[in-house]
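The values are calculated or read from the model by the stated rules, or taken from the named source; none is laboratory data. Just so it is clear, the model here is predicted, and its values are computed rather than measured. Here the Cβ positions follow ideal geometry from the backbone for every residue, glycine too, while neighbour counts run over all protein chains shown. The area values use the complete protein model at the heavy-atom level, side chains included, leaving out ligands, DNA and RNA. Shrake-Rupley method; radii C 1.70, N 1.55, O 1.52, S 1.80 Å.
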Amino acid sequence: MDSEDDMHDANDIESLDDDFYSGETEDAPMDYYSDYDDEPDDYFDDADDSDRIESRRPEQNFTILNESDIQQRQEDDITRVATVLSISRVAASILLRHYNWSVGKVHDAWFAEEDRVRKTVGLLEKPVVQFPNARELACGICFESYPRPRIESAACGHPYCISCWEGYISTSINDGPGCLMLRCPDPTCGAAVGQDMINLLAPDEDKEKYARYLLRSYVEDNKKTKWCPAPGCEYAVNFDAGSGNYDVSCLCSYSFCWNCTEEAHRPVDCGTVAKWILKNSAESENMNWILANSKPCPKCKRPIEKNQGCMHMTCTPPCKFEFCWLCLGAWSDHGERTGGFYACNRYEAAKQEGVYDEAERRREMAKNSLERYTHYYERWASNQSSRQKALADLHQMQTVHIEKLSDTQCQPESQLKFITEAWLQIVECRRVLKWTYAYGFYLPEHEHAKKQFFEYLQGEAESGLERLHQCAEKELQQYLNADGPSKEFNDFRTKLAGLTSVTRNYFENLVRALENGLADVDCNGAASSKATTSKNAAGSSKGRGGRGKGTTRSSSSNRMTDDNYWSCEHCTYANARSATTCTMCQQQRR
């Protein structure tokens, strides 16, 4: 039986739960519905609807770049280096490629030791060999003599005929991006061959390839820029570190983690995601299943799964050995005296003597491990499927239903943004909820209090999301099928927007808590002092900028927000004082 230290006191859980629903912390108590302390329809003013939506979004620490953006940034960096160092654009491009397109590193290295940098990257100040008065020169590759106009050389001065240069450059470009670091054909020379030589001597097809390699190198060699990993996407992402949030949303609608380039996985860290993905594809789970659900044939040792009710087993050809499933003895030694077809006295007697204890223990452990993994994986995969369906519904809503609803309800599309916002929130919450199952799988079993609190929060999050999903999916349908405007549509608008707000805030708090390792619960199972303080601070108020009003939480069971509203204990929605049932979750007022 668990000790008191291993379990949460019910009051502690209620205290922590209130903090998650309200979003309150010790330093900054807050109210989900501070935006609703005026008339409900005031929230949906068309003039500032989009402003409110934008203000709720966190500040982005990344920039999405298309091909022209990348090209412009690359040109700007080359120009900046060429101007500051007083060198040609070709030389600036060579320097930037060597230093992974970091302008700062180029400047630091150049001003610290220019000669060493020139030698390293192959930017020579003067030719190594000179032929000032020669009318003809011998090519260093084919050794044929050519007039000076038919001879070209890099900054080093080594002479090669145009035909040999063309072959050398074409071969290098077709070999891949290594052509960006092309050097003089002379094995003893390190002079760089720049884009000016490529444009002069390469055919148009090779010029395009070289330009493509150069453009891609700006993304692939730059530590602050990466390609979006979505299949077929050609956008790049420039990331500014510092916020601690690595989630990136591309314009192609794919969200991924900047750090590990897997799909976005907050609140789970990259290490846990790597372990989870490996486990989902690892052979170890197959072996666990085999161990838990099969037994080896006593003769050939191949694993056999029991698919009939009888204990009489027959191995597959060519073995065909007949044996008892329970004791693994030859079936010829069995009969009515040993218990018949559905029992085995030998097995029961041997089990009492401890003969099968170790094998049974290993099988039982494998079975429990497999069942636990299956529990988390099925729910992880189920939320992934729900997210994919929600993405499809969101696309359908944006391309078809919004326009239809605008015509039916006689409202401009700008006033229907709350529906798109709801679906975007559903998609995001499905993603978060999916990864909470990976989080739960790796939560240590011995931390009973954290596990209990985590499962409670996860269950509440799932319940809230289902309410929002059902409202956006099922309740919206009657308005899509309507022939004309509906008087109840504004009530539906208030309900859906309110559920979206509640769900958003709850999931944001859930993510923060999991990222902090459920710090509100110590390892002994007691609620931390911070959570208790936060609960005690629930009576403080939060003003809303520009409105001159605030919403105050009461410690009473109804948690009155002000004289005109009462806050539901279950979902925190601010209901009209006259209402006896919560508009959001239909819970009775207590």
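Within region 453-488, track down each residue that is polar (S, T, N, Q), open to solvent by 60 Å² or more (accessible area, probe 1.4 Å) and over 22 Å from Ser382 (Cβ atoms).
Going residue by residue through region 453-488, those that are polar (S, T, N, Q) are 458, 463, 470, 477-478, 481, 486.
From what's left, open to solvent by 60 Å² or more (accessible area, probe 1.4 Å): 470, 477-478, 481.
Within region 453-488, Gln477, Gln478, Asn481 qualify.
If you check Lys474 against the conditions, is it of a type in the set (Lys, Arg) and assigned to a helix (DSSP H, G or I)?
On the way: of a type in the set (Lys, Arg): yes; assigned to a helix (DSSP H, G or I): yes.
Yes.
So is Pro149 surrounded by 17 or more Cβ atoms within 10 Å (Cβ to Cβ) and not aliphatic (A, V, I, L, M) or not? Explain how you work it out, then say what you get.
Numbers: surrounded by 17 or more Cβ atoms within 10 Å (Cβ to Cβ): no; not aliphatic (A, V, I, L, M): yes.
Spelling it out, it is not the case that Pro149 is surrounded by 17 or more Cβ atoms within 10 Å (Cβ to Cβ) and not aliphatic (A, V, I, L, M).
Please count how many residues of region 215-248 are at pLDDT 90 or above, open to solvent by 70 Å² or more (accessible area, probe 1.4 Å) and closer than 20 Å to Met181 by Cα.
Residues that pass the stated criteria total 2.
Among the residues of region 152-167, which ones are surrounded by 18 or more Cβ atoms within 10 Å (Cβ to Cβ) and among the aliphatic types (A, V, I, L, M)?
Within region 152-167, Ala154, Ala155 meet the criteria.
Which one is most open to solvent (accessible area, probe 1.4 Å), of the residues in region 200-214 that are over 25 Å from Ser102 (Cα atoms), without any contact (Cβ under 8 Å) to a residue 40 or more places away in the chain and not acidic (Asp, Glu)?
The first filter runs over region 200-214 and keeps only residues over 25 Å from Ser102 (Cα atoms), leaving 200-206.
So of that shortlist, the ones also without any contact (Cβ under 8 Å) to a residue 40 or more places away in the chain come out as 202-206.
With not acidic (Asp, Glu) added as a condition, the list becomes 202-203.
On the way: Ala202: 10, Pro203: 71 Å².
Looking at residues that are over 25 Å from Ser102 (Cα atoms), without any contact (Cβ under 8 Å) to a residue 40 or more places away in the chain and not acidic (Asp, Glu), I get Pro203.
I'm checking my understanding of the structure. Among residues of region 249-288 that are among the hydrophobic types (A, V, I, L, M, F, W, C), surrounded by fewer than 18 Cβ atoms within 10 Å (Cβ to Cβ) and farther than 26 Å from His395 by Cβ, which one is modelled with the lowest pLDDT?
Filtering region 249-288 for residues that are among the hydrophobic types (A, V, I, L, M, F, W, C), surrounded by fewer than 18 Cβ atoms within 10 Å (Cβ to Cβ) and farther than 26 Å from His395 by Cβ, the one modelled with the lowest pLDDT comes out as Met287.
Specify the residue that is nearest to the chain's Cα centre (by Cα); the eligible residues are those in region 410-425 that are touching a residue at least 60 places away in the same chain (Cβ under 8 Å) and either within 24 Å of Leu465 (Cα to Cα) or part of a helix (DSSP H, G or I) (or both).
Taking the candidates together, the pick is Gln425.
Under the condition of being among the aromatic types (Phe, Trp, Tyr) and open to solvent by 20 Å² or more (accessible area, probe 1.4 Å), which residue from region 437-452 is nearest to Phe507 (Cα to Cα)?
Step one: filter region 437-452 for residues among the aromatic types (Phe, Trp, Tyr), giving 437, 439, 441-442.
Now narrow it down to the ones that are open to solvent by 20 Å² or more (accessible area, probe 1.4 Å): 439, 441-442.
On the way: Tyr439: 15, Phe441: 19, Tyr442: 20 Å.
By that ranking, first place goes to Tyr439.
Taking only pairs six or more apart or across chains, which ones have beta-carbon atoms under 6 Å, a first residue in region 137-157 that is outside any strand (DSSP E or B), and a second residue that is among the acidic types (Asp, Glu)?
none
Select, from Val103, Val90, Val81, the only residue that is closer than 23 Å to Cys179 by Cα, of a type outside the set (Gly, Ala, Ser), without any contact (Cβ under 8 Å) to a residue 60 or more places away in the chain and touching an Asp or Glu at 6+ places or on another chain (Cβ under 6 Å).
Values: Val90 fails: without any contact (Cβ under 8 Å) to a residue 60 or more places away in the chain; Val81 fails: touching an Asp or Glu at 6+ places or on another chain (Cβ under 6 Å).
Sole residue among the options that is closer than 23 Å to Cys179 by Cα, of a type outside the set (Gly, Ala, Ser), without any contact (Cβ under 8 Å) to a residue 60 or more places away in the chain and touching an Asp or Glu at 6+ places or on another chain (Cβ under 6 Å): Val103.
Which residue pairs have Cβ atoms closer than 7 Å, lie 6 or more positions apart in sequence or on different chains, and pair a first residue in region 398-409 that is closer than 19 Å to Val427 by Cβ with a second residue that is charged (D, E, K, R)?
Hits for this filter: Ile402/Glu413.
With Lys434, Lys389, Lys450 as the choices, which residue is basic (Lys, Arg), over 24 Å from Asp247 (Cα atoms) and in a helix (DSSP H, G or I)? Reasoning before the result, please.
Working: Lys434 fails: over 24 Å from Asp247 (Cα atoms); Lys389 fails: over 24 Å from Asp247 (Cα atoms).
Just a single option satisfies the conditions, and that option is Lys450.
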